[in-house]
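Colleague: The structure is given below, and queries will be raised subsequently.
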Amino acid sequence: MADAPASPATASESQVGGSPTADGVKERDGFLPVADISRIMRKAIPPNGKIDKGAIEAVQEFVSEFVSFITSEVSDKCRREKRKTMTGDDLLWAMATLGFEDYMEPLILYLHKYREAEVEAGDDAVAV
């Protein structure tokens with residue numbers, strides 16, 4: 001005899017973290033932390049501005065999906081090249097490959113500055 005279909009998630013389930021899947025994992029467990037998403041969003045609005053919980057959850061889902069999308073492309077590239085480590089350059093390659101060229105310039109600049117800071121931090125550690 002066939003099991004009855006699972007009932008759809010109630011509104012409260014989706015707002016509080018998603019409904020559990022068959023293996024007991026909640027849908028939102030694979031998402032980036034909501035506190036981090038909320039903190040980033042709050043930096044972009046005036047101090048007295050408010051953000052609806054639903055808006056935060058929507059951005060959380062979008063950002064998590066976007067990161068998975070880019071990471072999947074990088075993972076495929078690394079697998080083809082028989083490498084196990086993803087690099088910042090791999091992420092930039094994936095973004096360009098997937099059509100996000102408009103974001104390349106600031107990301108390249110950020111990666112360059114990050115690498116410079118790493119070198120400087122390494123020099124400071126050696127000098128001590």
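The values are calculated or read from the model by the stated rules, or taken from the named source; none is laboratory data. Note that this is a predicted model, so its numbers are computed, not measured. Glycine gets a Cβ as well: all are built from the backbone with ideal geometry, and neighbour counts include every protein chain shown. SASA here: full protein model, heavy atoms, side chains in, ligands and nucleic acids out. Shrake-Rupley method; radii C 1.70, N 1.55, O 1.52, S 1.80 Å.
Colleague: Just to verify a number: what accessible area does residue 95 come out at with the full protein assembly present, 1.4 Å probe, Å² rounded to tens?
Modeller: 20 Å²
Colleague: Considering only protein heavy atoms, with the full assembly of protein chains and a 1.4 angstrom probe, order 82, 77, 113 by accessible area, largest first.
Modeller: These residues rank, largest area first, as 82, 113, 77.
Colleague: Roughly to the nearest percent, how much of the accessible area of segment 45-107 is carbon and sulfur, given a 1.4 Å probe? Show your work: numbers first, answer last.
Modeller: On the way: 2560 of 4430 Å².
Solvent-exposed carbon and sulfur of segment 45-107 make up 58 percent of the total.
Colleague: Give a quick list of GluC sites (Glu not before Pro) in segment 65-128 that DSSP marks as loop, anything other than H, G, I, E or B, with at most 12 other Cβ atoms within 10 Å.
Modeller: Here the sparse-neighbourhood loop sites are 81.
Colleague: How much accessible surface area, in Å² rounded to 10, belongs to the heavy atoms of residue 62 with a 1.4 Å probe?
Modeller: 130 Å²
Colleague: Over segment 61-128, give the accessible area per residue in Å² for a 1.4 Å probe, as an integer.
Modeller: For segment 61-128, the per-residue accessible area is 78 Å².
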